[in-house]
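**Q** Once you've had a glance at the structure underneath, I'll fire off some questions.
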Amino acid sequence: VDVALDAALSADGKYCGIVETGTSSAALAFGELCYKVTATGKWALAKADVVGTSINELGICVLAAAGADAATTMLKYGKVRADSLFDTFTVAAPVYISAATAGKIVSTAPSGTTDFVVRCIGHAEDANTVFFQPSPDYSTLV
């Protein structure tokens, strides 16, 4: 059986792929990059300036959560379009976890600070769409 992803997402706030339901540890918005908290199994905003918030299981929020302990849905693999949240990406270029802003996906790998995590989480499909396939591999800057 084939799994087919949309060639191009039709509008802001659209996604396609494999998703998982879960519980939030705080308020989450559509398109924010999250990690699964080891101690609780809840989803929180990922940030590359701390190893613990960037090397765990990742997902992109596709069902916003109003606050802690709210139901949410995470895209685990696939495409997501978030025009206002995402930077303007270069087609086919890798994207990374931001070290500056929790939950943000950026086109430039973190650099220059000890213990930052560099982890590719996918590639840009177009200026506002990410193909999310997070690598299990990462490196820390020393």
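The values are calculated or read from the model by the stated rules, or taken from the named source; none is laboratory data. Everything quoted here is computed from the prediction, not taken from an experiment. Ligands, DNA and RNA are stripped out before the accessible areas are found, and what is left, the full protein with its side chains, is counted by its heavy atoms. Shrake-Rupley method; radii C 1.70, N 1.55, O 1.52, S 1.80 Å.
**Q** Of all the Cα-Cα pairs you can form in the chain, what percent are over 19 Å apart?
**A** Within the chain, distances greater than 19 Å cover 46 percent of Cα pairs.
**Q** ³J(HN,Hα) across segment 98-104 via Karplus (A = 6.51, B = -1.76, C = 1.60, θ = phi - 60°), whole Hz, x for Gly/Pro?
**A** Taking θ as phi minus 60°, the curve returns 6, 8, 8, 10, 4, x, 8 Hz for segment 98-104.
**Q** May I ask you to give the solvent-accessible area per residue for the chain, in square angstrom, as obtained with a 1.4 angstrom probe?
**A** Normalised by residue count, the accessible surface of the chain is 48 Å².
**Q** Please report, to two decimal places, log10 I(q)/I(0) for segment 16-72 at q = 0.19, 0.21 Å⁻¹ as given by the Debye formula with identical point scatterers on the Cα atoms and no solvent.
**A** -0.57, -0.70
**Q** In addition: ALA70's amide H: which non-local residues (gap 5+, or another chain) put their own amide H closer than 5 Å, with H modeled 1.01 Å from N in plane and none for Pro or chain starts?
**A** When sequence neighbours closer than 5 places are left aside, the close amide H contacts are SER24.
**Q** When the solvent-accessible surface of protein heavy atoms is calculated with a 1.4 angstrom probe, in what order do VAL142, VAL118, VAL130 fall, highest first?
**A** Working: VAL142 155, VAL118 30, VAL130 0 Å².
Final ranking, largest accessible area leading: VAL142, VAL118, VAL130.
**Q** When the Karplus curve 6.51 cos²θ - 1.76 cosθ + 1.60 is applied with θ = phi - 60°, which whole-Hz ³J(HN,Hα) does each residue of segment 126-142 get, with x for Gly and Pro?
**A** Each residue's phi maps through the Karplus curve to give 7, 4, 10, 10, 10, 8, 8, 8, x, 6, x, 7, 7, 9, 10, 7, 10 Hz.
**Q** Considering only lysines 8 or more places apart in sequence, or on different chains, count the pairs in the chain whose C-alpha atoms sit under 20 Å apart.
**A** 13
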